[in-house]
Amino acid sequence: MTKILRTIRFDSSDDNVFVTPAGPDEIALSGAFAFAGIGAEEIRGKTRQAFANGFLALPSLGRATFVSVGEADESEVSEAVEALARLFVEDYEAPDHTVACDAAREEIDFACELADGKPLNTLLTVHRTLTEEGAIHEEYREITPPGQERPHTRIWDIADE
């Protein structure tokens with residue numbers, strides 16, 4: 001099993017802030033590539049929320065505010081790479097499937113790097129800004145329960161509303 005980021009939903013707030021909210025327990029990645037070349041004037045409304053604080057989920061292509069460190073087997077990781085490669089070809093004009101797969105693998109590997117070395121169920125958020133030069137700057141924050149330096153047991157659970 002590979003450690004990877006997975007979406008988590010504590011309530012329905014993502015339904016209100018993202019055009020397409022992610023479902024629970026999807027593979028998650030930064031998804032900053034979706035904002036490449038975007039101008040500051042285009043970052044408003046729900047796009048602003050997705051830009052500033054949204055992880056991209058696969059396969060839904062929805063956004064999530066929170067992710068947790070989880071696991072995936074190799075077949076699930078391969079399916080995520082293929083889904084992302086198709087997106088790169090269909091929506092981002094990747095020159096061919098091989099190039100798209102390489103780029104998709106890099107995105108998935110980065111999500112795995114963010115999860116690596118962290119205990120399962122560790123929560124993360126992202127904060128993105130657009131620099132004056134137009135580059136995207138990302139910061140990731142690990143969320144720990146009050147009074148604990150690091151969780152030592154499962155403390156988060158997904159429950160139906």
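The values are calculated or read from the model by the stated rules, or taken from the named source; none is laboratory data. It should be emphasised that the depicted structure is a prediction, and the values quoted were computed from it without experimental measurement. Using ideal geometry, Cβ is built from the backbone for each residue, glycine included, and neighbour counts are taken over all protein chains shown. Remember, those area values only see protein heavy atoms, side chains included, never the ligands or the DNA or RNA. Shrake-Rupley method; radii C 1.70, N 1.55, O 1.52, S 1.80 Å.
Observations
- Among (1) modelled with pLDDT of 95 or more; (2) over 12 Å from Arg6 (Cα atoms); (3) β-branched (Val, Ile, Thr), the one test that Val69 misses: (2)
- Qualifying residues in the range 4-18 (those that are open to solvent by 60 Å² or more (accessible area, probe 1.4 Å) and not acidic (Asp, Glu)) - the one farthest from Glu74 (Cα to Cα): Asn16
- Of Ala64, Ala36, all but one fail to be within 21 Å of Glu133 (Cβ to Cβ) and in contact (Cβ under 8 Å) with a residue 24 or more places away in the chain; the exception is Ala36.
- Scanning the range 63-84 for residues that are touching a Ser or Thr at 6+ places or on another chain (Cβ under 9 Å) and more than 22 Å from Ile8 (Cβ to Cβ) turns up just one, Glu74.
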